[in-house]
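Engineer: One structure, as structure tokens, below. Some questions next.
The values are calculated or read from the model by the stated rules, or taken from the named source; none is laboratory data. What you see is a predicted model; the values in this text were computed from it and never measured. Note: ideal-geometry Cβ built from the backbone for every residue, glycine included; neighbour counts use all protein chains shown.
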Amino acid sequence: MSQYNLPDLNSLVEDQIFHTINLNIWGIAVKESQTRVLTNGIINYPEINLLLPTCVYNGKYAVARKIPTVPSNDTPYKFENGIITYHGKRVFDENHIPVIPLQNGNPRNFKGYSLSFEGTESPFVELRINPKNTGNCPGRCLFCHRIYSYREKPKFTQSYYTPTEIINSIIKDYGENTIRKISHVSIITELYGNENKFIEFISQIKKELEKFRNDYFESFGACSQDVRTLKGMQKLYEIINPKKYSFTLETFTRREEIMGRYKGISMLEVKRILKNARKIGFKEIKINYVCGIDSYYDFEKNLTDLKELDLIDSIGISIFTAFFSDQLNLRHSEAYNIDYYLKIVKLIKKLGIKFYKPNCYEMGIPLKFLEY
Ligand code: SF4
């Protein structure tokens, strides 16, 4: 029988926001369970991408919510015929919640890139580049939601794409004109484990993409965990626009245990890297954080520390979501309660740290939640 023990709907946040967050915490049962068992016995809960009403931004941009599909005994949420129910009661007012399909069952970025807004009114707003799917990421994040990170080797497909291959693939699938329609480019990739190789890739793909345009992209950014030295940061500074250093910090505690030696460096080392970013003159230092693993106490203590040291300007938060059975234990007991997320949002505001408010964030805090 099910082990879930959800609090009743509370009045702290409106129902739609409550359910948006809870869908990431509990997952959704679809008609036919798609769970599969990996060779090591771990159960994988494949993603379903649903265009929830709370995903719509400015009435225009929307990107589907990435939600795990779990056996019906493990969640109070069901999805049938476009309708989501919670304990059998319908949630969300829309008559039909659309599903944005994967490509042949594979993640959409499996060809080295994805158009995050594909299937919506504005399919070419953002080009997301993800050149590596080797199954051997030097980050060993226990919370990783990618099937192919360090858990499994991808089969039958290429595991690395060069800039030319990515561009040729975009042209082949969508036409050359598409490159001129893109406003934002984001490089969010499996780690390179090598600063120079990462910088070489982003520099080259930018040059090649720009050959197809007479103007610049509105933004060209990268999650730059691999870039850690002053020299590397100087090069990064010259490539990206706006001048924002984006660092995937993810958690404050148990860092090496959760992310391995390369990515899970100590907070002391993290601070040294962020100080380098300040020295180079980045206008903004952005931290990416996975909400739901640290206790609120640890979050408060460490975030306040970073702020006092002037090492953080903005933060992007995602909600920890378990796509594999062994990840379920990572969630802190406090993070089953909506109040945990609310306190995090309020603290960020109180410290005067800017929220990163992307149009698209498949597991992010719903933008409306930031108004509380
Ligand atoms: S660095 Fe990213 S891709 Fe690599 S294991 Fe961690 S979360 Fe996954």
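Engineer: Scan (1) more than 10 Å from the ligand (Cβ to nearest atom); (2) closer than 24 Å to Q204 by Cβ for the single condition C137 breaks and write down its number.
Structural biologist: (1)
Engineer: Would you confirm, using the coordinates I've provided, whether G193 is on the phi > 0 side of the Ramachandran plot, surrounded by 13 or more Cβ atoms within 10 Å (Cβ to Cβ) and not β-branched (V, I, T)?
Structural biologist: So G193 passes the test.
Engineer: Are any of the residues in segment 198-216 more than 18 Å from F282 (Cβ to Cβ), under 23 Å from the mean Cα position of the chain (by Cα), modelled with pLDDT of 95 or more and more than 16 Å from the ligand (Cβ to nearest atom)?
Structural biologist: yes
Engineer: Which pairs have Cβ atoms under 8 Å, sit 6 or more apart or on different chains, and link a residue in segment 14-31 that is more than 13 Å from F79 (Cα to Cα) to one that is of a type in the set (G, A, S)?
Structural biologist: Listed by first residue and then by second, the contacts come to I25/G292; I25/A335.
Engineer: Looking only at residues that are modelled with pLDDT under 90 and buried (at least 20 other Cβ atoms within 10 Å of the Cβ) in segment 113-122, which one is farthest from V56 (Cα to Cα)?
Structural biologist: L115
Engineer: Can you name every residue in segment 28-83 that is of a type in the set (S, T, Y), modelled with pLDDT under 90, outside any strand (DSSP E or B) and within 22 Å of the chain's Cα centre (by Cα)?
Structural biologist: Scanning segment 28-83 gives T35, T54.
Engineer: Collect the residues in segment 262-309 that are small (G, A, S) and over 30 Å from L23 (Cα atoms), keeping them in residue-number order.
Structural biologist: S266, A277, G281
Engineer: With the structure loaded, tell me whether L191 is touching a residue at least 40 places away in the same chain (Cβ under 8 Å) and assigned to a loop (DSSP other than H, G, I, E, B) or whether it fails that test.
Structural biologist: yes
Engineer: Return the residues of segment 279-335 that are crowded, with 19+ Cβ neighbours inside 10 Å, farther than 30 Å from I239 by Cβ and polar (S, T, N, Q); say none if nothing qualifies.
Structural biologist: Residues satisfying the conditions are T321, Q327.
Engineer: Go through segment 186-197 and count every residue that is more than 12 Å from the ligand (Cβ to nearest atom) and within 17 Å of T229 (Cα to Cα).
Structural biologist: 4
Engineer: Do the conditions hold for K263, that is, is it surrounded by fewer than 20 Cβ atoms within 10 Å (Cβ to Cβ) and either within 16 Å of the ligand (Cβ to nearest atom) or of a type in the set (D, E, K, R) (or both)?
Structural biologist: Here the answer is no, as K263 does not meet what is asked.
Engineer: When you scan segment 217-327 for helices (runs of 4 or more DSSP H) that lie fully inside it, which ones turn up with 1 or more residues that are in contact with a Phe, Trp or Tyr (Cβ under 8 Å, 6 or more places away or on another chain) and more than 29 Å from K206 (Cβ to Cβ)?
Structural biologist: 255-263, 267-280, 296-308
Engineer: List the pairs whose first member sits in segment 116-143 and is more than 30 Å from N329 (Cα to Cα), whose second member is among the β-branched types (V, I, T) and away from the ligand (no atom under 14 Å from the Cβ), and whose Cβ atoms are under 6 Å apart, counting only residues at least 6 apart or on separate chains?
Structural biologist: Pairs found: F117/V63; F117/V125; G119/I100; F124/T178; F124/I182; L127/I182; L127/V185.
Engineer: Scan segment 240-260 for residues that are surrounded by fewer than 19 Cβ atoms within 10 Å (Cβ to Cβ) and either of a type in the set (F, W, Y) or away from the ligand (no atom under 16 Å from the Cβ) (or both) and jot them down.
Structural biologist: Answer for segment 240-260, where residues must be surrounded by fewer than 19 Cβ atoms within 10 Å (Cβ to Cβ) and either of a type in the set (F, W, Y) or away from the ligand (no atom under 16 Å from the Cβ) (or both): N241, P242, K243, T253.
Engineer: If we scan segment 222-237, do we find a residue that is under 17 Å from N130 (Cβ atoms), within 14 Å of the ligand (Cβ to nearest atom) and charged (D, E, K, R)?
Structural biologist: yes
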